[in-house]
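The values are calculated or read from the model by the stated rules, or taken from the named source; none is laboratory data. Computed from a predicted structure; not experimentally measured. Cβ placement follows ideal geometry from the backbone for every residue including glycine, while neighbour counts extend to all protein chains displayed. These area figures cover heavy atoms from the full protein model, side chains too; ligands, DNA and RNA do not enter into them. Shrake-Rupley method; radii C 1.70, N 1.55, O 1.52, S 1.80 Å.
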Amino acid sequence: MDAKGRGVPVSLSESSLPTMPLSGHLAELRRRLLVSGIVWIAASAMAWFLTPAVVSYLGERVGRLVFVTPAEAFVSLVKIAMTLGLVAAAPVILVEAWLFVLPGLFPTERRLVYRLAPVVVVLFVAGIVFSWFVMLPLMLSFFLGFQTERIHATITIARFLSFLMGVTLPFGLVFQLPLVTYTLTRIGVVPARFWARQRRYVVLMAFIVGALLTPPDPVSQALLAIPLLFLYEIGAWVARRAERLRVGRGEEGVWP
């Protein structure tokens, strides 16, 4: 057994990882955060010039956007610029985070991160794209369909941005579900049969998660819960594949 009780022999390179005092870790963390913050701010400043085009594009989805407080429009434009800047700076931020944690990882853990990190990014982007091009048009069409000659939609830019974030970001997270089930089964923490036995509870949890992560209306909750259930079934399937792979290789679990 190694020092962490993983049941994996410890090689010389794993047992002699370099150590650093706490002050060194704090200085390294401060430097990584400073670099990430500067890149984010710089990217956001450049993205500021794109905000009018973004607002125009968003306005085409719902019609005219308004603001009801003096600072609302400016704050909303800043939020858009910061969001675009975060997306542009994400590669640098992720690299800085990886370089900070890298010295403290064992080689097996590093290999695991190398394999899973691209999948996490792809699934997150897939969830955002799915929500933007599939779920968001459906939701807007449903909600705006209640307009009549006497009922007109007057949507503030701040409220629409909150609605947009509440719709898109949860899908980026729930799309990680197949990866979570695969990883837990692959390392032997959870058997594949566990996922199949939890379907009745998953249905309830899906609607609870939908209520927590989406705007407070039944339609949004259902539109998140249904894809979540579908992703769970995919996760249960990949978990069975992961268990067959682990058993076929004679692995006892812990790490792939």
Check segment 159-177 and report whether any residue there is within 30 Å of Ala71 (Cβ to Cβ), open to solvent by less than 60 Å² (accessible area, probe 1.4 Å) and part of a loop (DSSP other than H, G, I, E, B).
-> no
Looking at segment 55-69, which of its residues are small (Gly, Ala, Ser), open to solvent by less than 60 Å² (accessible area, probe 1.4 Å) and under 27 Å from the mean Cα position of the chain (by Cα)?
-> Gly59
Do we have Leu138 as open to solvent by 80 Å² or more (accessible area, probe 1.4 Å), within 30 Å of Phe230 (Cα to Cα), touching a residue at least 40 places away in the same chain (Cβ under 8 Å) and assigned to a helix (DSSP H, G or I) here?
-> yes
Within segment 178-202, of all residues that are assigned to a helix (DSSP H, G or I) and among the β-branched types (Val, Ile, Thr), the one most open to solvent (accessible area, probe 1.4 Å) is Val180
Log entry, pairs with first residue in segment 172-188 being touching a residue at least 12 places away in the same chain (Cβ under 8 Å), second being open to solvent by less than 30 Å² (accessible area, probe 1.4 Å) and of a type in the set (S, T, N, Q), beta carbons closer than 8 Å, six or more apart or on different chains, reads Gly172/Ser131
Taking segment 70-88, which residues are more than 15 Å from Ser36 (Cα to Cα) and either open to solvent by less than 70 Å² (accessible area, probe 1.4 Å) or touching a Cys at 6+ places or on another chain (Cβ under 7 Å) (or both)?
-> Ala71, Glu72, Ala73, Val75, Ser76, Leu77, Val78, Ile80, Ala81
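Of all residues in segment 203-222, count the ones that are touching a Leu at 6+ places or on another chain (Cβ under 7 Å) and either surrounded by 15 or more Cβ atoms within 10 Å (Cβ to Cβ) or not in a helix (DSSP H, G or I) (or both). Talk me through it step by step, then tell me what you get.
Pass one, segment 203-222, residues touching a Leu at 6+ places or on another chain (Cβ under 7 Å): 203, 206, 209-210, 213-214.
Then keep just the ones that are either surrounded by 15 or more Cβ atoms within 10 Å (Cβ to Cβ) or not in a helix (DSSP H, G or I) (or both); that gives 206, 209-210, 213-214.
The number of residues fulfilling the criteria is 5.
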